[in-house]
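Asker: Dropping the structure in here first, questions after.
The values are calculated or read from the model by the stated rules, or taken from the named source; none is laboratory data. Worth saying up front: this structure is predicted, and the values here are computed from it rather than measured. Note: ideal-geometry Cβ built from the backbone for every residue, glycine included; neighbour counts use all protein chains shown.
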Number of protein chains: 4
Amino acid sequence: MAKNKKQDILDASAELFASQGFDNTTTLMIAKEARVTEPLLYYHFKGKEDIFSKIIHDVFKEYAQAIEDLPKNTDTEFEKLANLIRFHMHIAEKRPREARLLLANCPLKLLQRNHACKEIMESQHEIVQGYIQQCLEAGNAKGEFDAQPVDHMAIILFSLVNEILRRKTFCKDDPWPDEDAVIDFCKRALIRL
Amino acid sequence: MAKNKKQDILDASAELFASQGFDNTTTLMIAKEARVTEPLLYYHFKGKEDIFSKIIHDVFKEYAQAIEDLPKNTDTEFEKLANLIRFHMHIAEKRPREARLLLANCPLKLLQRNHACKEIMESQHEIVQGYIQQCLEAGNAKGEFDAQPVDHMAIILFSLVNEILRRKTFCKDDPWPDEDAVIDFCKRALIRL
Amino acid sequence: MAKNKKQDILDASAELFASQGFDNTTTLMIAKEARVTEPLLYYHFKGKEDIFSKIIHDVFKEYAQAIEDLPKNTDTEFEKLANLIRFHMHIAEKRPREARLLLANCPLKLLQRNHACKEIMESQHEIVQGYIQQCLEAGNAKGEFDAQPVDHMAIILFSLVNEILRRKTFCKDDPWPDEDAVIDFCKRALIRL
Amino acid sequence: MAKNKKQDILDASAELFASQGFDNTTTLMIAKEARVTEPLLYYHFKGKEDIFSKIIHDVFKEYAQAIEDLPKNTDTEFEKLANLIRFHMHIAEKRPREARLLLANCPLKLLQRNHACKEIMESQHEIVQGYIQQCLEAGNAKGEFDAQPVDHMAIILFSLVNEILRRKTFCKDDPWPDEDAVIDFCKRALIRL
DNA sequence: CATGAATGAGTATTCATTCAT
DNA sequence: AATGAATGAATACTCATTCAT
């Protein structure tokens, strides 16, 4: 569609990787979907794997930015956690392709040593876990939570957030509690009355 | 090892699927790993996909049985939930190959309509969610919990259990809270003092 | 069906060779069709090619015998030729499987040097051509025909007979003149008034 | 030979299909014979069967054109029939490869429903039979023949023409009457003095 | 006579990638 | 920037045949 064929290739690849998986997508499929010839893929990228790397980097960049953009000034620290949870529940609906792309392909890619996926997963880990940890520490300091130990709690919350995204992506038909139920669950665990 | 070459094939395949993924494992690799010739794969199985199906069915059968075998008589309902969490944390250590096999390959397989993986995932869903739901309902009845609504809580706990398995499988090096921290997190959410 | 499994194998093979061709019929198909295991084929025969040879020999033996059994005493020599034509027109209806078996597979087999088919085709040639030639010579001697030269006429008549069989076998749906038209055509060519 | 590798593939395939049969010709053989790599076969054609289809279509197109090109203005209608017979006797000598290709492979292909061979055989049927039928009708009208019934006669003559081609192709060593004998045979059947 | 298990050699086809232009 | 032609290396799968029992 766009005049930029390089972007067409990235779009077509993302669509195909997301709907069929990396290994089941051939360069010919990509070329056809992008209305381009195969050699052009190699003019713009080093190869199929390179296209995949570019895509997940782009996707992750946007994701990291969105987390960065979450409101910094909130009445309570818990509100920040609630925002994080809400954000992840929304992604699955707003960016289903990107969610599928990462969640379906990365587990396999992680089996390969030194894959680009690994560093991205680690970055996500750092960013999200850092976000949570800051909230917890600030909340503890304020007496809002009595979340102890912070690091363990952070991992548990991070896991929950991740799994939310996964379920909403792959089990679309299954019932899933609305945001409030999830947020309430966490609130109960963090805030003892 | 065993005299039974059919089992050798299943073992070799499981190992390779778990360590490299289904698509990156060739029938020749399987044959070599199993110290067998390629045509024998086709004598015992319909094809590569059939081998995969047999393996995940076997793995799931054992998993379902293990859940069935969890102690039925416990002092508290929460103890049952704690057992479920402990069981999943142990699997990743006792059966790392099987955990990797399923968690790495199934997301991709789920993209294909009508794949055997889908029904297995649904069975797991039913079994584990059923287990949790029973605990919650019994616990609510006894006044042990005030978990409301039951179905939402069950899904959240199920998600947590799943993600525990995933993280322990793929992020072995990352720190992970010991059992007690996870169990405590849930206890705080379920049991208000 | 029969207790004789060797015959079952021959029957099953004939059926499959006739309906799918030699190369498209696998030994496994034969075994299944004959309700027998593959190694038994090799107990009774040297191999797939050997089964084929046995079948075409049997078929040809019966064919040669039938020609031998055509009535020897007829009012006219032409009646003998008419009988030969009628006999071939009937085969396609009475023995469609055997006709298909030979006519579909032999052309290809003839491409291979020294194939059993070759000698059989030559035998058929000799027998039928001999039959025709005798009729023509006797008819010429009696003044019934003025068929000259005999050998050329014999080949032409033989060709016509062969093609009749072929068309009735492969072009079942196409219209085909009844016996009388063919016989009449030959009569006109042989018997000048 | 030619710079056009696509044509090289067709030539090599035709040669091999004609001398060994479709099923006994592997794609590797074709590639080697055409001095080309195997994947190129799949770049230019959909597969082995597609190569075969292209060849028989080409062969048939040329055949149909040659029949179309037979002289339209002849002194007698019989001369037209004689030309048809002569034409077929010449094909076997001028185009032995193409004759073998079709006559050896098509009977088998006809066993498969909906094969390209079927429609080609039917086209040939229509063309040749139409040609003969026109001659007979015109000849009858002029009083040149008393060929009755026309359609039956046409089929018989068509059969004869077909079998001539077959025998000259497969039984090269066998004696075969010269053109004049065949033509004379037909003349006697058609033209009563 | 009969078979379950096993295999050497192949068989059509695919795929990521490159080259010449 | 773009492509038609071409390929090395697989890749899942098949087949006639044999062996041990």
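Asker: Among the residues of the stretch C:168-193 satisfying the criterion of being facing chain D (nearest Cβ under 7 Å) and surrounded by 21 or more Cβ atoms within 10 Å (Cβ to Cβ), which is nearest to C:LEU84 (Cα to Cα)?
Answerer: C:VAL182
Asker: Can you tell me which residues in the stretch A:1-22 are within 12 Å of DNA strand F (Cβ to nearest atom) and within 18 Å of A:ARG97 (Cβ to Cβ)?
Answerer: A:ALA2, A:GLN7, A:ASP8, A:ILE9
Asker: Filter the stretch B:1-14 down to residues that are farther than 17 Å from A:LEU108 by Cβ, in contact (Cβ under 8 Å) with a residue 12 or more places away in the chain and not aliphatic (A, V, I, L, M), then give me how many there are.
Answerer: So the count comes out to 4.
Asker: If I filter the stretch C:88-127 down to residues being in contact with a His (Cβ under 9 Å, 6 or more places away or on another chain) and more than 10 Å from chain D (Cβ to nearest Cβ), which single residue comes out as modelled with the lowest pLDDT?
Answerer: Checked the stretch C:88-127; the qualifying residue modelled with the lowest pLDDT is C:ALA116.
Asker: Here are some conditions: (1) within 14 Å of chain C (Cβ to nearest Cβ); (2) away from DNA strand E (no atom under 11 Å from the Cβ). D:THR74 meets all but one. Which one does it not meet?
Answerer: For D:THR74, the failing item is (1).
Asker: How many of the residues making up the stretch C:141-158 are at pLDDT 90 or above and buried (at least 16 other Cβ atoms within 10 Å of the Cβ)?
Answerer: Here the count works out to 1.
Asker: Given the residues A:GLU38, A:GLU33, A:GLU49, which is the only one that is without any contact (Cβ under 8 Å) to a residue 12 or more places away in the chain and touching a helix residue (DSSP H, G or I) at 6+ places or on another chain (Cβ under 8 Å)?
Answerer: Among A:GLU38, A:GLU33, A:GLU49, only A:GLU38 is without any contact (Cβ under 8 Å) to a residue 12 or more places away in the chain and touching a helix residue (DSSP H, G or I) at 6+ places or on another chain (Cβ under 8 Å).
Asker: Quickly run through the stretch D:170-193 and pick out the residues that are under 11 Å from C:LEU190 (Cα atoms) and hydrophobic (A, V, I, L, M, F, W, C).
Answerer: Matches in the stretch D:170-193: D:PHE185, D:CYS186, D:ALA189.
Asker: Anything in the stretch A:46-64 that is near DNA strand E (Cβ under 8 Å from one of its atoms) and either more than 24 Å from A:GLN124 (Cα to Cα) or within 14 Å of chain B (Cβ to nearest Cβ) (or both)? List them, or say none.
Answerer: A:LYS46, A:GLY47, A:LYS48, A:GLU49 - these are the residues of the stretch A:46-64 that are near DNA strand E (Cβ under 8 Å from one of its atoms) and either more than 24 Å from A:GLN124 (Cα to Cα) or within 14 Å of chain B (Cβ to nearest Cβ) (or both).
Asker: Only one of (1) in contact (Cβ under 8 Å) with a residue 60 or more places away in the chain; (2) away from DNA strand E (no atom under 11 Å from the Cβ) is not met by A:PHE22, so which one is it?
Answerer: (2)
Asker: Just wondering, is there one or more residues in the stretch B:75-89 that are over 21 Å from B:VAL161 (Cα atoms), surrounded by fewer than 17 Cβ atoms within 10 Å (Cβ to Cβ) and more than 16 Å from DNA strand F (Cβ to nearest atom)?
Answerer: yes
Asker: Specify the residue that is farthest from A:LEU110 (Cα to Cα); the eligible residues are those in the stretch B:15-35 that are within 14 Å of chain A (Cβ to nearest Cβ) and buried (at least 22 other Cβ atoms within 10 Å of the Cβ).
Answerer: B:THR25
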